[in-house]
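Heads up: the structure comes next, in structure tokens.
The values are calculated or read from the model by the stated rules, or taken from the named source; none is laboratory data. Just so it is clear, the structure is predicted and the values come from calculations on it, not from any experiment. Note: ideal-geometry Cβ built from the backbone for every residue, glycine included; neighbour counts use all protein chains shown. Heavy atoms of the whole protein, side chains included, go into the accessibility calculation; ligands, DNA and RNA do not. Shrake-Rupley method; radii C 1.70, N 1.55, O 1.52, S 1.80 Å.
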Amino acid sequence: MLGSWNKSAGGGKHMGSELAQRVGIDEIAESMMAFNTNYKDTGLFGVYAVAKPDSLDDLAWAIMHETSKLCYRVSEADVTRACNQLKSSLLLHIDGTSPAAEDIGRQPSCRGFKVQHQFLIPGQPEECRMDSKVGFVENPLVEARKEDRISQLPDRILSIILSKLPMKDLVKTSALSNRWKHLWALRTNLNFDVDSIFGTNHERPDCSSKHSKHYKEFKLEFARFVDGFLQNFQGTKIISFKLHFLKHLGDTSNINRWISSVIGLGIEELELILSGMTLFSYYHHGLLGDEYYRFPDWLLPHPSDSRLKHLHLRTCVLKPPADFIGFNKLITLQLHDVFLGEEFLASLFSNCLLLQGLMLIRCKHMSLLKVFSTSLQNLVLLDCSNPSPVKVIAVNLTDFEYSGDIIKITVFVAPFLVKIYFNFNSIHVIDMPNALSHCATFPTLQTLILHLDPWKEKRLPQNMDSLRNLKQLELFYIKASKEEDLLWVLTYLNACPLLEKLDITLSGKEFHKNQREMRNICGCTYNRLKKVRMNGFDGNWFEMELITHILKSATSLDQVVISPLASFYLGGGEWSHITPDESWHESRRDVVRKSLQENAPAGVHLVVL
């Protein structure tokens, strides 16, 4: 209705809009344009104009006058003209390949679907528009308002959508419509923990006192939710069942009842993380005897009917009878803080012929452990109480993680071992050379991860057996004194002639005000080393000394990354994160970057975070 006008446009003073005519005749503007911007629940309407300073008052009056006329004096000819201009604008907007491609991308982002422009031209009925080839066709804008397109998705797609919802929100979907009333039964993974039931902002109970009123009410509310959910759940198949629950009061009937109600629905993955150790680890520093839950192996279906492939238990007692074969289809077994029966370990690998992953962390009563398997690929043994020797014969083992007394491993046969993690904090200093020499016996070893003890590294021999095929070395090191010497790292580098990637993570760091001069180290070259990363970097002289030496000695170096962040790998997929010192970003980062750039060869990408 208000139109647009430009001094250089061909229409000049003969435009259809009265505002454009007034502006053109009186020459009170260089250009003007009305605009209307629509949003989801509001909009913005106005006139944009460019004029000389002495014409602004006349221009503002003209705009206000023509705008106010829209409220009380609009002729039929003006409406027809505006409709025709809109039609022309819509069609001219897609005149060309580039505008058409923009329209294809813009409409789905605004409406969720593409609408043909004949449906957008005003003046025809909303429900349908005439198409010259097919006659009347239905308007998708109207159809979209009639349909619930999400509800028409296939069940397998809706099942995936429902699997992403927290349990407390999953139940609420039954109130959406009749179609959704029982749709939540399509969910095949049930995950009951504090966050999925109460939300992330829910107040945690004080687990330091299991007899507190708040703690008891919290546990009862948790149990009521799980009971109500499982009683109304009408699904016919459950693939995964995960329960993170507080087991303090000695009542195991709740947990047994929940397992019993779902175990016959084809469960393939079962995870029980009990007591406060996992959910509220910041309240707990140890476990009491009555906190352990006896896993009900008698509830499992007959081995021929069982589909259980993945089992994860934490803070449990697992002592099935000697003739138990209910785990015959297991692929992965993870046990944390579990009391184990001798009969179970003795028959584990003869009954679990498909087992590919075994993780034992802080397990107790492990008087006998013989790993004889042709299917096992991943083995994790961390801080277990196993007084007897450990024997491992696994011809397909590729990944091995260990923390404990290395001397207890009397037999270890794994011809295809690719990756090893050792925590040397729990290894006696006299056993370190033996452990490293043992690593050198694996011809296919490519990745070595070591958690190091500072006092033992100072006694590391200058020469160690060659790790001739190692490609990646990760060292996690806790500094113990102010005047550290990191040149022991060179012993590892010299023992790895084919090393391509080196990661060093430092902890216990502190920037020293009195820095020593860096030494000039020579006589060593690393021809294959391409990527180096040092985490927990603080800018001390001994850190700069090591990185400077590597920059000068690595002839094939591509990238060096320096980061103040430190994340320590603890084994079993668990990490400990350490925040950097704030003063790093304030002052030392630029100093470190400038110093290292002076020693970085051409072609080396230096990154200082």
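Some notes on this structure:
- Given R0 = 30 Å, the distance between the Cβ atoms of ALA346 and TRP575 translates into a calculated FRET efficiency of 0.35.
- Surface share of carbon and sulfur [accessible, 1.4 angstrom probe, percent] for the range 289-361: 55
- For the range 7-94, the solvent-accessible area with a 1.4 angstrom probe is 70 square angstrom per residue.
- Computed FRET value (nearest 0.05) for VAL561 with HIS512, which takes r as the C-beta separation and R₀ as 22 Å: 0.45
- Taken along the Cα-to-beta-carbon direction at a fixed 7 Å, the label points for ILE478 and HIS65 span 8.5 nm.
- Full extension of the chain between LYS242 and THR80 yields a length gain of 51.7 nm, computed as 0.36 nm times the residue separation minus the alpha carbon distance.
- If the chain linking ASN256 and SER385 were pulled fully straight, counting 0.36 nm for each residue of separation and taking away their Cα-Cα distance, it would gain 43.6 nm.
- Additional length obtainable on full extension of the chain from LEU265 to LYS181, 0.36 nm per residue less Cα span: 28.1 nm
- Between LEU354 and ILE521, the distance separating the two model label sites (each 7 Å from Cα on the Cα→Cβ line) works out to 5.1 nm.
- Between the range 214-230 and the range 534-579, the alpha-carbon centres lie 47 Å apart.
- The HN-Hα couplings worked out from phi for the range 334-340 by the Karplus form 6.51 cos²θ - 1.76 cosθ + 1.60 (θ = phi - 60°) are 10, 10, 10, 6, 10, 7, 10 Hz, whole numbers, x standing for Gly and Pro.
- Within the accessible area of the range 526-574 (1.4 Å probe), percent carbon and sulfur: 44
- ARG224-LEU299 pseudo-label distance in nm [points 7 Å out on the Cα-to-Cβ vector]: 2.2
- Unsatisfied cross-links (Cα-Cα over 24 Å) in the set LYS181/LYS219; LYS242/LYS419; LYS172/LYS216; LYS419/LYS530; LYS364/LYS471; LYS216/LYS364: LYS181/LYS219; LYS242/LYS419; LYS172/LYS216; LYS364/LYS471; LYS216/LYS364
- Sites GLU217 and LYS172 - FRET efficiency at Förster radius 25 Å, r taken between beta-carbons, to 0.05: 0.65
- Under Stokes-Einstein, with the Kirkwood radius over Cα pairs as Rh, the value for the range 532-582 at 10 °C and 1.306 mPa s is 127 µm²/s.
- In order through the range 86-91: 3J(HN,Hα) via Karplus (6.51 cos²θ - 1.76 cosθ + 1.60), integer Hz, x for Gly, Pro: 5, 4, 5, 5, 5, 6
- About its Cα centre, the range 522-609 has a charge dipole of approximately 440 debye under the convention of +1 per Lys or Arg Cβ and -1 per Asp or Glu Cβ, with nothing else charged.
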